[in-house]
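Take a look at the structure set out below.
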Amino acid sequence: MSMTLWAPIGQFLGRNTDPAKPRLGRARRLYREKIWSPILPRLVQFGILAAIVAVWEIGVKVGFIDGFFWSYPSAIFKTGMIFVTQGDAFLDTWFTLKSTIIGFVIGTGAGSAIGLAFWWSQNWAGVFQPFLIVFHAIPKFALGPLVVLVFGIGLGSKVAMAVALTIVVSALATYSGVKAVDRDSENLMYSLGANRWQVFTKLVMPSALPWIISSLRVNIGLAMAGAIVGEFISSQHGLGRVIMYAGQTFDVALIWVGTIILSILAVAIYLVVGVVENTLLKGVLKR
Amino acid sequence: MLDKARIELQDVSHVFSTPTSGSVYAIDRINLGVPEGRFASIIGPSGCGKTTLFNIIAGLEQPTQGEVTVDGQNVTGMIGIVGYMLQKDLLFPWRTVLDNICLGMELRGMPMREARERAMPYLTRYGLGGFEHRYPAALSGGMKQRAALLRTLLYDSDIVLLDEPFGALDAQTKSQMQDWLLQLWADFRKTVLFVTHDLDEALFLSDEIYVLSARPGRIKAKIEVPLPRPRTRDVFASPVFIDLKRHCLDLLFDASSPQTH
């Protein structure tokens, strides 16, 4: 109805207003991005990186970037070489890596155990869950000074920070997995004569495993953050301490060196966790 | 007749209390008995409480009223007495097909090796040979249901409850599975209670059919299926089958049935 009413205006505007006529005017090709050859993105990435380094270096030389505050690539490289060849680079890296891994393992393990334990009693799970969530909400870094006072300036306080950051993540993820255990499968187990322990070990644990695994990647990053914050507050070793010390002595190049090593470390750990995750998942979800 | 029953339901009712509409009768005074080695089906329109009834017989739910007896013993609300199987295969993806089938035996404390040895011949005999060390994800829908059924049957219980086990399968696989189930039932000689909404399926498989009314589920009629065994697909065209089917359809779609609470 309205179509016929508006038709003259449409015709005036040159539109196809005849309902019987196919509206080829609207036909168009679907946009599809042409995918590059696999090396091209790598080359572009390398180019971007090189450009940043070049602009930074030249910017400082020309004077529109303040080299004192920002430092510059060649100085960072020089400092890095000194740190690696003459400094405690390996000792510090190892220290940070150690507290990260220990904290990650304890936090993830204990967190998963807590989440799994919640399966045994809905009542007690209901009692403890709010505590868990409140603890999750506390900015754990704020606990740093307390943790250092209690656990000392050694490895203990760094591990404790890493655990504090990771434990709730694992506990909540695992608890979600426990809650998602298929009711029918559970009933089936019972109907086949299973006791609770059998249901727990043969059904609940394997079903929750993918949820536990899903928390690994998040946790490794959190564990490292915890370890570094622990080192920031008070420590004699570690990359966090190196960065803190560099900041206090205005050695900006060393801050960058510490950050770069940490990043490399993070990527390396991430890759390892990725491999672990895949193997574990393959073990659970057989295809 | 009823006193020879292997499994029997006496005046079983189940009431759900909902916050909005008060108490709702899911099933109302169900009486039925399945004699040893018989194949009985329960059929009814959707919402007739078939699944509630199933859960009560399986011991997963406590009825509001009435009792379930096996060999005259009250087993109301008790699990581990009847083996059951659902439309979902419930095979564990982290276990091989063989280990899934062995689950029931394993749970009863049989050493895994012995359980596997016992299960293996059945796998080959019932079309799962060569798949014993594969994982469920590698199986087709029909094979998964076969594995699930074997798991139920190998569990030492001679009463088996099947809740629409083939409901999710395509028509062709479904009819294959029905033939296969009949073969299996003839081999294992179990007492079967089969829940379905497929009338053809119920008639083809059963010795007797209980027709339930719409909510609240009540037994409207018990129908004997006098078709000779072993049955083939030819029975679908037999006059007896067609008469029975018409009779059942009349019962199922009879809207004039009295609705009392």
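The values are calculated or read from the model by the stated rules, or taken from the named source; none is laboratory data. Everything numeric here is computed off the predicted structure, so don't read it as measured data. Note: ideal-geometry Cβ built from the backbone for every residue, glycine included; neighbour counts use all protein chains shown. Just so you know, the surface numbers come from the protein's heavy atoms only, side chains and all, with ligands and any DNA or RNA stripped out. Shrake-Rupley method; radii C 1.70, N 1.55, O 1.52, S 1.80 Å.
Using a simple spin-label model with pseudo-atoms 7 Å out from Cα toward Cβ, A:TRP70 and B:LYS222 lie 9.1 nm apart.
If both residues of a DSSP beta bridge must be in the protein assembly as shown, then about 55% of such bridges are antiparallel. Here region B:43-99 was treated as a single set of alpha-carbon atoms; its pair distances binned every 10 Å from 0 give 20, 41, 27, 12, 0 percent.
Roughly how big is the A-B contact, given as buried accessible area in Å² (both sides, 1.4 Å probe, nearest 100)? Please list the in-between numbers first.
On the way: alone 18390 and 12220 Å², together 28700 Å².
Chain pair A/B: roughly 1900 Å² of buried accessible area.
For B:ARG6, the residues whose modelled amide H falls within less than 5 Å of its own, excluding neighbours fewer than 5 places apart on the same chain, are B:VAL34, B:GLU36. Each part gets one Cα centre, and for region A:64-131 versus region A:257-277 those centres are 10 Å apart.
Working note: 222 nm ellipticity from helices only, DSSP H runs with n ≥ 4, each -39,500 (n - 2.57), summed and divided by the residues of chain A, gives -25000 deg cm²/dmol to the nearest 500. Of interest is the spacing of the C-alpha centroids, which for region A:32-54 and region B:159-234 amounts to 64 Å. Size descriptors for region B:10-143: radius of gyration and Dmax over Cα atoms are 18.7, 54 Å.
In sequence order, region B:69-83 has phi-based couplings of 10, 10, 6, x, 9, 6, 10, 4, x, 10, 9, x, 9, 10, x Hz under the Karplus curve 6.51 cos²θ - 1.76 cosθ + 1.60, θ = phi - 60°, and Gly or Pro positions carry x.
The overall shape of region A:65-135 is prolate: from the C-alpha gyration tensor, with semi-axes ordered a ≥ b ≥ c, the ratio a/c is 1.5 or greater and a/b exceeds b/c. Converting the Cα gyration tensor eigenvalues of the protein assembly as shown into ellipsoid dimensions via √(5λ) gives semi-axes, longest first, of 64, 36, 24 Å.
Based on alpha-carbon positions alone, could you give the equivalent ellipsoid semi-axes of chain A from the gyration tensor, as √(5λ), descending, whole Å? Walk me through the numbers on the way to the answer.
Details: eigenvalues 420, 332, 71 Å².
Calculated on Cα positions only, the semi-axes equal 46, 41, 19 Å.
What fraction, in whole percent, of alpha-carbon pairs in chain B exceed 33 Å separation? Summing the P(r) of chain B above 33 Å gives 21 percent of all pairs.
Counting only other residues whose beta carbon sits under 10 Å from that of B:ALA26, what net charge do I get with K and R as +1, D and E as -1?
Numbers: positive: B:LYS50, B:ARG215; negative: B:ASP28, B:GLU61.
Cβ neighbours under 10 Å give a net charge of 0.
Taking all C-alpha pairs of region B:104-235, those more than 22 Å from each other amount to 44 percent.
Gain on full extension, evaluated as 0.36 nm per residue between A:VAL55 and A:THR249 minus their Cα-Cα distance, stands at 67.2 nm.
Under a 5 Å amide H cut-off, with hydrogens placed 1.01 Å from N, B:THR76 pairs with B:VAL68 among residues at least 5 apart or on other chains.
Find how much the distance from A:GLN236 to A:THR85 grows on full extension, using 0.36 nm per residue of separation minus their present alpha carbon separation; answer in nm with one decimal. Using 0.36 nm per residue and subtracting the Cα-Cα distance, I get 52.4 nm.
Could you work out [θ]222 nm for chain B from helices alone, using -39500 (n - 2.57) per DSSP H run of at least four and dividing by all its residues? Round to the nearest 500 deg cm²/dmol.
Working: 8 runs with 86 residues, N = 261.
When only DSSP H runs of four or more count, the value is -10000 deg cm²/dmol.
Excluding ligands, DNA and RNA, the accessible surface per residue across region A:75-285 is 48 Å² with a 1.4 Å probe.
Here the Karplus curve 6.51 cos²θ - 1.76 cosθ + 1.60, taken at θ = phi - 60°, turns the phi angles of region A:228-233 into couplings of 5, 4, x, 6, 4, 5 Hz, with x standing for Gly and Pro. In order along region A:48-59, the Karplus-derived 3J(HN,Hα) couplings, from 6.51 cos²θ - 1.76 cosθ + 1.60 at θ = phi - 60°, round to 4, 4, 4, 5, 4, 4, 5, 4, 4, 4, 5, x Hz, and Gly and Pro are given as x. The amide H of B:LYS220, built 1.01 Å from its N in the peptide plane, has B:VAL211, B:LEU212, B:SER213 as neighbours under 5 Å, considering only residues 5 or more places off or on other chains.
With the cut-off at under 19 Å, measuring from each backbone N in region A:96-119 to a point 7 Å along the Cα-to-Cβ line of A:VAL276 picks out A:96-116. Which percent of Cα-Cα pairs in region A:233-274 sits in each 10 Å bin, short to long? That works out to 30, 44, 21, 4, in percent per bin.
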